[in-house]
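Q: Questions regarding the structure given below will be posed in turn.
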Amino acid sequence: MRRSIITGSGSYIPEVVVKNSDFSGSTFYSVDGGLLDSPTDEIITKFSKITGIRERRYSTPSVPASQMAAIAAEQAILNSRIDREAIDQLIVAHNFGDVCGTNGQSDLVPSLASRVKKMLGITNPSCIPYDLIFGCPGWLQGIIQADAFFKAGMAKKALVIGAETLSRVVDQHDRDGMIFSDGAGACILEYSEADDLKAGILSARVRSDCGEETDLIHLSSTHKPATGHDRRYIKMKGRKVYEYALRHVPLAMRDCLDAAGVGIDGLKAIFIHQANEKMDEAIVKSFYASYGITQVPHNVLPMSIQWLGNSSVATIPTLFDLVSRGKMAGFQLNRGDVIIFASVGAGMNINAVCYGCN
């Protein structure tokens with residue numbers, strides 16, 4: 001049976017480490033422009049308890065998202081040992097493009113995927129590069145899309161990348177801005193004969209709610225009043241995002257696992273978007289509870305948010321690469337292991353993929 005199989009992975013983790021203590025000199029305002037009453041250090045401590053984040057990574061000013069994407073992609077290509085000229089689809093998931101200069105303007109022309117193709121030195125005109133904007137679930141949606149192209153007979157090999165420099169679109173006066181970070185992750189997906197009936201992509205589920213949920217994550221002006229500029233920053237209604245995710249993500253995960261014909265006891269690990277430690281843990285707890293399991297199994301949930309923060313589309317592929325390369329203590333994937341990828345983000349969009357390791 002032919003299935004879409006991940007044959008290589010790569011990631012780029014920026015060098016600049018930004019610790020929570022580095023925000024101690026910040027001044028935070030509420031959404032209505034009022035100065036927050038609590039001392040900054042108290043705000044940071046509460047933030048860390050809720051999100052689990054102790055530090056995050058920022059890209060240096062000279063390294064844009066497309067360059068990070070190319071570095072991660074190069075690793076994935078080398079890891080897979082394929083001929084880069086054989087890549088049919090080159091998909092780059094992001095949300096803000098290459099953010100250049102001090103004004104926060106997004107540079108999207110040409111597409112990041114076209115830039116990455118050039119940086120990788122791919123000359124094959126049949127390698128089609130394009131960008132995918134789908135909120136934080138963008139990389140996983142790229143995987144789903146590549147799988148669809150394979151099944152339609154239009155491609156056999158795809159390079160799927162997630163890259164983001166969120167540090168360049170955060171409001172330094174918004175405490176939620178401490179969540180976001182930079183990074184890139186990539187994988188090579190190939191359509192080939194699976195040696196095992198449970199190898200490769202087994203099922204996928206996608207959900208989108210674009211009513212009142214649409215502006216839960218959006219762009220808006222700084223929280224600080226009377227700044228005199230109209231630059232826009234990433235904003236989110238944290239509590240409502242949490243409630244939306246907890247209500248819908250566990251159901252998407254269950255639908256996906258059930259569609260794959262895999263029992264809950266056969267699930268090895270969950271690679272969930274690294275959005276917020278408490279939120280991710282609550283989602284997974286609810287997912288298991290839907291099967292009547294009150295205690296989440298030990299070591300089923302690898303997490304990188306504590307030291308990498310939330311790099312949007314890059315979180316899942318980066319985490320998968322770290323685990324695949326044995327760089328996450330206590331976590332290891334073996335042939336035959338069944339895992340779930342799941343994500344939620346701006347849109348609001350949700351997706352999940354059940355995958356068997358080959």
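Q: In which sequence would 253, 328 go, from the one with the fewest C-beta neighbours within 10 Å to the one with the most? Numbers along the way, then the final one.
A: Working: 253 27, 328 17.
Neighbour counts put them in this order, fewest first: 328, 253.
Q: From the residues 121, 7, 103, which one has its Cα farthest along the dipole of the stretch 2-193 in the positive direction, the dipole being from +1 and -1 charges on Cβ of Lys/Arg and Asp/Glu about the Cα centre?
A: 7
Q: Residue-wise, which Karplus ³J(HN,Hα) couplings in Hz belong to the stretch 115-123, taking 6.51 cos²θ - 1.76 cosθ + 1.60, θ = phi - 60°, and x for glycine or proline?
A: 5, 5, 4, 5, 5, 7, x, 7, 10
Q: Taking the Cα centre of each part, how many Å lie between the stretch 262-276 and the stretch 310-345?
A: 10
Q: Using θ = phi - 60° and the Karplus relation 6.51 cos²θ - 1.76 cosθ + 1.60, list the HN-Hα couplings for the stretch 57-67 in order, rounded to whole Hz, with x at every Gly or Pro.
A: For the stretch 57-67, the Karplus-derived couplings read 10, 10, 6, 6, x, 7, 10, x, 4, 5, 6 Hz, x marking Gly and Pro.
Q: Using modelled backbone amide H atoms (1.01 Å from N, in-plane), which distant-in-sequence or interchain residues come within less than 5 Å of residue 98's amide H?
A: Amide H neighbours of residue 98: 107.
Q: With +1 on the Cβ of every Lys and Arg and -1 on the Cβ of every Asp and Glu, and nothing else charged, how large is the dipole of the stretch 2-193 about its Cα centre, in debye rounded to the nearest 20?
A: Values: 18 positive and 22 negative charges, 142 e Å.
Magnitude of the dipole: close to 680 debye.
Q: While we're on this one: How would you rank 32, 41, going from fewest to most other Cβ atoms within 10 Å of each one's own Cβ?
A: 32, 41
Q: While we're looking at this one, here's another question. Can you put 96, 23 in order, fewest other beta carbons within 10 Å first?
A: Least crowded to most crowded, the residues run 23, 96.
Q: Now for a different question. Given +1 on the Cβ of Lys and Arg, -1 on the Cβ of Asp and Glu, and no further charges, what dipole in debye does the chain carry about its Cα centre, rounded to the nearest 20? Don't skip to the end; give the middle numbers.
A: Values: 36 positive and 38 negative charges, 71 e Å.
Once rounded to the nearest 20, the dipole reads 340 debye.
Q: Given Cβ point charges of +1 (Lys, Arg) and -1 (Asp, Glu) and nothing else, what value in debye, to the nearest 20, does the dipole of the stretch 233-358 about its Cα centre take? If you can, show how the numbers build up before the last one.
A: Details: 12 positive and 9 negative charges, 72 e Å.
Once rounded to the nearest 20, the dipole reads 340 debye.
Q: Between the stretch 153-196 and the stretch 9-49, how many Å separate their Cα centres?
A: 23
Q: Select from 203, 112, 345 the residue farthest towards the positive end of the dipole of the chain; place +1 on Cβ of Lys and Arg, -1 on Cβ of Asp and Glu, and compute about the Cα centre.
A: Among 203, 112, 345, the one farthest towards the positive end of the dipole of the chain is 203.
Q: Turning to a different aspect of this structure: What 222 nm value per residue comes from the helices of the chain, counting each DSSP H run with n ≥ 4 as -39,500 (n - 2.57) and dividing by all residues, nearest 500 deg cm²/dmol? Walk me through the numbers before you get to the answer.
A: Working: 8 runs with 100 residues, N = 358.
Mean residue ellipticity, 222 nm, calculated: -9000 deg cm²/dmol.
Q: Same structure again: What residues have an amide H closer than 5 Å to that of residue 8, excluding those fewer than 5 places away on the same chain, when H is modeled at 1.01 Å from N in the peptide plane?
A: Those lying under 5 Å, H to H, from residue 8 are 188.
Q: Given labels modelled 7 Å from the Cα in the Cβ direction, how far is it in nm from residue 126 to residue 83?
A: Result: 1.0 nm between the two label points.
Q: 5 Å is the cut-off here: which amide hydrogens, built 1.01 Å from N in the peptide plane, fall below it relative to residue 28, excluding neighbours closer than 5 in sequence?
A: 36
Q: Short version: ³J(HN,Hα) in whole Hz for each residue of the stretch 4-12, in order, from phi by Karplus 6.51 cos²θ - 1.76 cosθ + 1.60 (θ = phi - 60°), x for Gly and Pro, what are they?
A: 7, 10, 7, 10, x, 9, x, 7, 10
Q: For every other residue with a beta carbon closer than 14 angstrom to the beta carbon of residue 170, add +1 if it is Lys or Arg and -1 if Asp or Glu, then tell me the sum.
A: Numbers: positive: 56, 57, 168, 175, 224, 231, 232, 235; negative: 22, 164, 171, 174, 176, 182.
That sum, taken over residues with Cβ under 14 Å, equals +2.
Since every read-out is calculated from the coordinates, none of them should be taken as a lab result. Owing to the predicted nature of the structure, the values given are computational and were not obtained by experimental measurement. All Cβ positions, even for glycine, are placed from backbone atoms using ideal geometry, and neighbour counts span all protein chains on display.
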